[in-house]
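Asks: This structure is in structure tokens; I'll ask about it shortly.
Just so you know, all these numbers are worked out from the coordinates, no wet-lab data involved. Owing to the predicted nature of the structure, the values given are computational and were not obtained by experimental measurement. Glycine gets a Cβ as well: all are built from the backbone with ideal geometry, and neighbour counts include every protein chain shown.
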Amino acid sequence: MVKENKDFSRREFFKKTGVIAGGVLFASLLSPLKAAQSTEKSKSDDTWYGIGLDIEKCIGCASCARACKAENDVPKEPFFFRSWVEQYTITNSGEVKVQSPNGGIDGYKQPVPESEIFKTFFVPKMCNHCSKSPCTQVCPVGATFVSPDGVVLVDPNYCVGCRYCVQACPYGCRYIKPDLGTVDKCTLCYHRLKKGMDPACMMVCPTGARLYGNLRDPKSEMVKFIKNHTVGALKPNLNTGSKLYYNALSQEVH
Amino acid sequence: MPVQVKRLLIAFAVFIALFLVARHFLRPATFGEYGHYRGAALKENEDRPIKYVNMNETCITCHDSIAAVRDSSVHKSINCQTCHGPGYKHVDDPQKTNIVKEHAREFCGRCHSKNPARAKVIKQIDMNEHNKEDECISCHNSHNPVLW
């Protein structure tokens, strides 16, 4: 006969399990602890910004890169960009060449003779404002975040300059501001958006290759752009939830 | 309850209390308002100064004749500030010195230098051959880029 354990009966076990589970549930409801694990999605009727870039329309003038630097006090010396333009050249032998001298601001010199070019096109680049952004997930202090309307922003007063996010961004869209030592990136000109103005890069684009809009509004230009074109996102295999849609995106672009 | 468990519980309670006190004083006021960040950062991002001004409310109110020329040309979809740079200083204090007025050939070449990647609808020239001694604007009116 099995000896019954008086100290630890089945009833006792269920009782204790219940108390612990209840306690954990109660603790998780306590409001001061809530912020740290807030995964609240904004309401579905709120604005949720997306961006469209039309490679067929881009002529590589880099007005966007210039305007972005002027509007947002991005350092003028090379290698610091929130927005830039790359020229892709695919030769007849299948070689892919990418050039972006000073983000396109210095103009392009084509090293490949025209007879050897299979195809060539410009790709304007900027922050993808991902909905599952890798950069905001790695921030140890909560200094970068996705705003309620889907714009990835930085809080320069809270950033400690650890550079995790710079490495986490698969699109190379972040840099450390040399004067402040904090990270900086495209804000989709949040200060302009909120006052009803277009971002500076979109305002100055001479061919209308750039647009943005509310992805949740089926009547917005942005949704129409996605519907009417064969759009693609950069590095979809990384599951970043990129909200930057390119028209006529070639396989070679990365 | 064994005495060592009791002591451990007391130690945990002290740690948790200290953590909560420290958290109370170190956490910024608006942290967690919308998510795991300072809610006030949204407003701070919003309050940055605007440099590229609304063209219809500013440029065109004074330079209406030039705007009319532009509107009748192939350059009609181009914002003034695409070529003239941000207008915020010029709007506050209209001087010839605080707005960009480009003359260089390379400036026009940003859009119009020959590049096979550019759409064919954009008129393109070989910068090294097309009247290379002259400024573009000595023959073309930039606001309506037919010949003068």
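Asks: Work out the length of the dipole vector of the stretch B:103-148 about its Cα centre, built from +1 on the beta-carbon of each Lys and Arg and -1 on the beta-carbon of each Asp and Glu, and round it to the nearest 20 debye.
Replies: Working: 7 positive and 6 negative charges, 65 e Å.
So the dipole magnitude of the stretch B:103-148 works out to roughly 320 debye.
Asks: Over all directions, what mean area does the Cα convex hull of the stretch B:50-101 project, stated in square nanometres?
Replies: Average of the hull's projected areas for the stretch B:50-101 equals 3.5 nm².
Asks: Here is a further query. Between B:V74 and A:F118, how many nm apart are label points set 7 Å from Cα along the C-beta direction?
Replies: Inter-label distance under the simple model: 3.1 nm.
Asks: Each label point is 7 Å from the Cα along the Cα-to-Cβ direction; what then is the distance between the points at A:N237 and B:E133, in nm?
Replies: Between A:N237 and B:E133, the simple spin-label model gives 5.7 nm.
Asks: Calculate the dipole size of chain A relative to its Cα centre from +1 charges on Lys and Arg beta carbons and -1 charges on Asp and Glu beta carbons; express the result in debye to the nearest 20.
Replies: Here the size comes out at about 960 debye.
Asks: Run the numbers for B:R27 and B:T97: contour at 0.36 nm per residue of separation, minus the present Cα-Cα distance, in nm.
Replies: Numbers: separation 70, 0.36 × 70 = 25.20 nm, distance 4.74 nm.
Taking 0.36 nm per residue and subtracting the Cα distance, the gain is 20.5 nm.
Asks: Can I ask one more? Given the options B:A104, B:I16, B:I60, identify the residue whose Cα lies farthest towards the positive end of the charge dipole of chain B (+1 on Cβ of Lys, Arg; -1 on Cβ of Asp, Glu).
Replies: Going by the charge dipole, the pick is B:I16.
Asks: Ok, one more. Taking θ as phi - 60°, what are the ³J(HN,Hα) couplings along the stretch A:183-196 by the Karplus curve (6.51, -1.76, 1.60), each to the nearest whole Hz, with x for Gly and Pro?
Replies: For the stretch A:183-196, the Karplus-derived couplings read 7, 9, 7, 4, 10, 6, 6, 3, 5, 8, 3, 6, 9, x Hz, x marking Gly and Pro.
Asks: Compute and list, largest first, the equivalent-ellipsoid semi-axes of the stretch B:27-148 from the alpha carbon gyration tensor, each √(5λ) rounded to a whole angstrom.
Replies: 39, 20, 13
Asks: Then there is this: Using θ = phi - 60° and the Karplus relation 6.51 cos²θ - 1.76 cosθ + 1.60, list the HN-Hα couplings for the stretch B:119-133 in order, rounded to whole Hz, with x at every Gly or Pro.
Replies: So the J values, rounded to whole Hz, are 4, 5, 5, 7, 5, 10, 10, 7, 4, 7, 10, 6, 6, 5, 7.
Asks: Additional query: Can you pick out the pairs among A:K243/B:K51; A:K195/B:K120; A:K185/B:K96 whose Cα atoms lie more than 31 Å from each other?
Replies: On the way: A:K243/B:K51 26 Å; A:K195/B:K120 36 Å; A:K185/B:K96 33 Å.
Pairs exceeding the cut-off: A:K195/B:K120; A:K185/B:K96.
Asks: Also, quick follow-up: Run the simple label-point estimate for B:A119 and A:D46 please: 7 Å along Cα→C-beta, distance reported in nm.
Replies: That separation, rounded to one decimal, is 3.5 nm.
Asks: Something else now. Whole-Hz ³J(HN,Hα) for each residue in the stretch B:60-72, computed from phi via Karplus 6.51 cos²θ - 1.76 cosθ + 1.60 with θ = phi - 60°, x for glycine and proline: what do you get?
Replies: In residue order, the calculated couplings are 6, 5, 9, 9, 5, 5, 5, 4, 5, 4, 4, 5, 9 Hz.
Asks: Follow-up question, since we're still on this one. Please list, in chain and number order, the residues 5+ apart from A:Y212 or on another chain whose amide H is under 5 Å from its amide H, with Hs placed from the backbone.
Replies: Amide H to amide H, under 5 Å and 5 or more residues apart or across chains, A:Y212 pairs with A:G52.
Asks: Within the set of other residues whose C-beta is less than 13 Å from the C-beta of A:C139, count the net charge using Lys and Arg as +1 and Asp and Glu as -1. Spell out each step's value before the answer.
Replies: Details: positive: A:R163, A:R174, A:K185, B:R38; negative: A:D155.
Combined, the nearby Lys, Arg, Asp and Glu give +3.
Asks: Please list, in order, the residues from the stretch A:46-81 whose amide nitrogen is less than 17 Å from a point placed 7 Å along the Cα→Cβ vector of B:H140.
Replies: Answer for this model: A:59-63.
Asks: Moving on. Please give the calculated 222 nm ellipticity per residue for the protein assembly as shown, where each DSSP H segment of at least 4 residues contributes -39500 (n - 2.57) and the sum is spread over every residue; nearest 500 deg cm²/dmol?
Replies: Computed ellipticity for the protein assembly as shown at 222 nm equals -8000 deg cm²/dmol.
Asks: Now for a different question. Out of all Cα-Cα pairs in the protein assembly as shown, roughly what percent, to the nearest whole number, are more than 35 Å apart?
Replies: Percent of Cα pairs beyond 35 Å in the protein assembly as shown: 41.
Asks: Only four residue types carry charge here, +1 at the Cβ of Lys and Arg and -1 at the Cβ of Asp and Glu. Report the dipole size of the stretch A:45-167 about the Cα centre in Debye, rounded to the nearest 20.
Replies: In debye, rounded to 20, the stretch A:45-167 gives about 300.
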